[in-house]
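Structure first, then comments.
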Amino acid sequence: MTKEEELKSFSEDQLKEIAQKEGLNVIPKTFKKKDLIKYLEGVLTLKQIKSYEEEYFEKEIERDIHIHEKIKERGIKKKIEENSEITIDRKEIIYELMKNDSNISKTIVEAIADDLHEEIPSGSKIEYYENMSDRLLKTLDEIFIKRKEDRSGRYFEYLTANWLWKKYSKEGASDIKFRQKIPSVGEIDIVLYKNIFEDEEVPFVIAECKDKKTVKIEDIDRWLVNSSRIIKRYGEEMIEYSGKKIIAFSNAVLYSYFFSSSGFTQGIIDRLTNDPDIENGVYTVKKRYTQKFQVELYLIDVRDKQFKVIYHP
């Protein structure tokens, strides 16, 4: 990967901070992200860029742990307060969820329950829903029946994750994670893992989700960079198996999705179709001289309760 491609993954604020550390004490007001990237290309080696990536990744991990603890603390307090306030028609909601039961994955329901600090529901059929708390039932109703939005974008992620899980659970998906931090890559909204050997898992489907915000070219650039980094990293993942070191993801293919609740402009489509490394929706990622990995790219427009494939191999 070139220095320019690596630098694109940083935010504009991070690039400004790095530029100042590297001697650009006063950043011109006219400087945009592309200008910062051009400046840093000239003063940094690829090794130095990767060092900055690790530094910022560690900072994000520390920040996220702190935020997670605060959210968890507030969530427990909020749960106590809300439990006395929530009034719902349980029978009506259970009836609606039962009608849509075949379209709602229990794996995703468990993830939602975990986020809400609620007990994982047990049982089957109607008993499964009757065992849920009012708060969990109400949340499922808002996500899958009423298709409501929330400020954090979580509802949209759960909705798209449910769609992905239904599609790929039959193809070997073994686990799903939300807002997953991957070393040397960053945070990915949704990651589906597959067991390669015994308990060893590698990502084979990733997704970025943009809820009610315009998708920009830089969002697509970051998505492509992250896809490239993941396929390179796990394409050469060495796993101990039967006493030998083997490559886990030989001839690897990664399925990479970008979901938007506001659609995609023609400029976004052109960004992909005009890229020399992308042909018919397949992004060829090169490593060294002979190694090539492939990423299948999908743009999905999620509007009017429909998942419309806009771009794909």
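The values are calculated or read from the model by the stated rules, or taken from the named source; none is laboratory data. Just so it is clear, the structure is predicted and the values come from calculations on it, not from any experiment. Methodologically, a virtual Cβ is constructed for each residue, glycine included, from the backbone with ideal geometry; neighbour enumeration extends over all protein chains shown.
At-a-glance table
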read-out	value
Condition met for ALA111 (surrounded by 15 or more Cβ atoms within 10 Å (Cβ to Cβ), part of a helix (DSSP H, G or I) and modelled with pLDDT under 90)	yes
Every residue from region 4-27 that is under 30 Å from THR284 (Cβ atoms) and surrounded by fewer than 17 Cβ atoms within 10 Å (Cβ to Cβ)	GLU4, GLU5, SER11, GLU12
Qualifying residues in region 155-203 (those that are buried (at least 20 other Cβ atoms within 10 Å of the Cβ) and among the charged types (D, E, K, R)) - the one farthest from SER102 (Cα to Cα)	ASP189
Residues of region 1-25 classified as touching a residue at least 40 places away in the same chain (Cβ under 8 Å) and either more than 29 Å from ASP277 (Cα to Cα) or touching a Gly at 6+ places or on another chain (Cβ under 8 Å) (or both), total	1
Count - residues of region 172-189 that are in a strand (DSSP E or B) and in contact (Cβ under 8 Å) with a residue 60 or more places away in the chain	5
The one condition in (1) farther than 24 Å from LYS232 by Cβ; (2) not in a helix (DSSP H, G or I) that ALA19 fails to fulfil	(2)
Residues of region 277-311 satisfying the condition of being out of contact with any Leu (no Cβ under 7 Å at 6 or more places or on another chain), in a loop (DSSP other than H, G, I, E, B), under 23 Å from LYS166 (Cβ atoms) and in contact (Cβ under 8 Å) with a residue 12 or more places away in the chain	LYS305
Residue within region 254-267 that is at pLDDT below 90, more than 16 Å from ALA207 (Cβ to Cβ) and surrounded by 13 or more Cβ atoms within 10 Å (Cβ to Cβ) present	no
